[in-house]
């Protein structure tokens, strides 16, 4: 036991020494390393082969410039990234994020998490991630198109249906995927499986845009079913109002929950009558406006300008953070406790800080980590790859049923693994150990690659 603990402590210290200016990556490593000790105690062969240190280092990181012309004819420059983290289980798979905060630390943390998330799906996909510090907000369609085309002229050298299959993430939806796919096709010919999240007209998958949000709620429903309960009748708040948040709201309402709040970067919205999802879709997916315009049609609602939704006093049962990393701090976790929250399930990647996790654990709040709870998006991306390979489209019902079963399997695997190795219900440890075990075994069997 002591040898394992010393090994893990040294491993984390080495990463901190090497990458002192990569806080997001170091946070992801700390959260992961802190949970796998029981597995290594039972399976010291993986420590002896130093699999974990090998896993911490990406197979490769690609960084490149992206020159593009704005509508005024001025040349602009952004930086692009793709981390191809681990291919032991299949081609690299993970989204592209367009946001000003994107840097190598953010992409590494996302790619590292993606390894285990993809492993948990039991589908043949490895871990990768990418993006750029480009901000699509306020840009015209023409500017976004020229940016995406410039990005793909470089990225296309490193991706392919059996090599690396990017998808969408924050700032990257069907529009951006379409522009990138078009440029890839011009340069390489038509290869349907090179990107996922494509529009339906050219081999996108039904239920893909809904998948992360739906999968998140399915995960919570399976958790509650395991406790002889249901999400029906539960009071829910959701952070964000993008793709994940919108479809988490939709599925929660469909299953009988009452959703009272969501947010965007300008502030938070609480509607005591329940969120009008059709209006939210119109504001965010059609008009692309700020969420405060919701009040024009629902004056009973209240908008909290500049306020994090988790900082609002409100009585509810389930928190679904679907915005961005570290949106729940220690102080906000304490507010969740005061509000009587019973479950926190992550729709975003690492939205809960390490200090907040301790608060949730101390107060017996059930915490569903993103690598398990939001794996629905990449799961349906892998199903899109399967459809592309078969040249056969699946019905919405078929994809949705597969998604529900995958989320059920992820929940049950995480639960059982935590009971086996930790001796108690701990979905963080269960998800981390289950995801790591599959990748580690593959790496050893392939000759430590």
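The table for this structure:
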read-out	value
Residue tally, condition surrounded by fewer than 19 Cβ atoms within 10 Å (Cβ to Cβ) and not in a loop (DSSP other than H, G, I, E, B), over the range 199-213	3
Residue 330 being surrounded by fewer than 22 Cβ atoms within 10 Å (Cβ to Cβ), under 20 Å from residue 357 (Cα atoms), out of contact with any helix residue (DSSP H, G or I) (no Cβ under 9 Å at 6 or more places or on another chain) and in the same structural domain as residue 354 (by TED's automatic domain parsing)	no
Filter result for residue 171 (assigned to a loop (DSSP other than H, G, I, E, B) and free of Cβ contacts under 8 Å to residues at least 12 places away in the same chain)	no
Residue in the range 244-261 that is surrounded by the most Cβ atoms within 10 Å (Cβ to Cβ), counting only those that are within 16 Å of residue 278 (Cβ to Cβ) and within 15 Å of the chain's Cα centre (by Cα)	248
Residue in the range 247-258 that is closer than 22 Å to residue 313 by Cα and not in a helix (DSSP H, G or I) present	yes
Residues satisfying the stated conditions in the range 48-71, i.e. in contact with a helix residue (DSSP H, G or I) (Cβ under 9 Å, 6 or more places away or on another chain) and more than 25 Å from residue 91 (Cα to Cα)	67, 68, 69, 70, 71
Count - residues of the range 183-198 that are more than 24 Å from residue 115 (Cα to Cα), surrounded by 15 or more Cβ atoms within 10 Å (Cβ to Cβ) and in contact (Cβ under 8 Å) with a residue 24 or more places away in the chain	3
Single residue of 442, 434 found to be in a helix (DSSP H, G or I), out of contact with any helix residue (DSSP H, G or I) (no Cβ under 7 Å at 6 or more places or on another chain), closer than 21 Å to residue 86 by Cα and in contact (Cβ under 8 Å) with a residue 40 or more places away in the chain	442
Complete set of residues in the range 132-150 that are in contact with a helix residue (DSSP H, G or I) (Cβ under 7 Å, 6 or more places away or on another chain) and part of a helix (DSSP H, G or I)	144, 145, 148, 149
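The values are calculated or read from the model by the stated rules, or taken from the named source; none is laboratory data. Keep in mind that what you see is a predicted model, and the values were worked out from it rather than measured. For neighbour counting, all protein chains shown are included, and Cβ atoms are generated from backbone atoms with ideal geometry for every residue, glycine included.
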